[in-house]
Amino acid sequence: MRRLVAFILLIALSFSLFADPIVYEYEPYEEEEFPIWSHELRRAESIFFGSFVITLPVSMLIYNIAAYCGMPTFDEEYKNFLVQAGVAASLSLTISLTDWIIGKTGD
């Protein structure tokens, strides 16, 4: 079995030895190559995931403090985490939408 796997790997990897290398030249993006909405979507995505890194631990901390103070929680741990992640995602979405609204009103 090991010989068969080694033989298959040898054949699969040997193709790269005999293939012609494809050389691409770098072409910078043009000014009008992408529509404006794709730039706005990329910015919103970056802000969403960038703020999610901060809002998730904050929402976990606040949720655990509230649970310690007597707030009812779920029995399963994964349900508690889903609630915390949902709150964090909602906060991140709010931050991203706020940035988009501020950007639209500033134009």
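The values are calculated or read from the model by the stated rules, or taken from the named source; none is laboratory data. Note that the structure is predicted; figures quoted are calculated from it, not measured. Positions of Cβ are backbone-derived with ideal geometry, glycine not excepted, and every protein chain shown enters the neighbour counts. Calculation scope for accessible area: heavy atoms of the full protein, side chains included, ligands and nucleic acids excluded. Shrake-Rupley method; radii C 1.70, N 1.55, O 1.52, S 1.80 Å.
Of the conditions (1) part of a helix (DSSP H, G or I); (2) open to solvent by 100 Å² or more (accessible area, probe 1.4 Å), Ala6 satisfies every one except a single condition; which number is it?
Failed condition: (2).
Give me the residue from region 64-100 that is exposed (fewer than 10 other Cβ atoms within 10 Å of the Cβ) and not hydroxyl-bearing (Ser, Thr, Tyr) and, out of that set, nearest to Ser38 (Cα to Cα).
Glu77
Given the criteria under 30 Å from Asp99 (Cβ atoms) and surrounded by fewer than 10 Cβ atoms within 10 Å (Cβ to Cβ), does Pro28 qualify?
Taking the combined requirement at face value, the residue satisfies it.
Pairs only if they're at least six apart or on different chains, beta carbon under 7 angstrom, first in region 83-107 and closer than 13 Å to Phe48 by Cβ, second of a type in the set (Val, Ile, Thr) and surrounded by 11 or more Cβ atoms within 10 Å (Cβ to Cβ); list them, first residue then second.
Ala88/Thr55; Leu91/Thr55; Ser92/Thr55; Ile95/Ile47; Ser96/Ile47; Asp99/Ile47
Pairs, please: C-beta under 9 Å, at least 6 apart or cross-chain, first residue closer than 22 Å to Ala88 by Cα and in region 25-51, second acidic (Asp, Glu)?
Arg43/Asp99; Ala44/Asp99; Ile47/Asp99
Sort out which residues of region 31-47 are assigned to a helix (DSSP H, G or I) and open to solvent by 100 Å² or more (accessible area, probe 1.4 Å), and write them in order of number.
Those that are assigned to a helix (DSSP H, G or I) and open to solvent by 100 Å² or more (accessible area, probe 1.4 Å): Ile36, Trp37, His39, Leu41, Arg42, Arg43.
Run down Glu45, Glu40, Glu25, Glu33 and say which single residue is of a type in the set (D, E, K, R) and at pLDDT 95 or above.
Within the list Glu45, Glu40, Glu25, Glu33, the selection yields Glu45.
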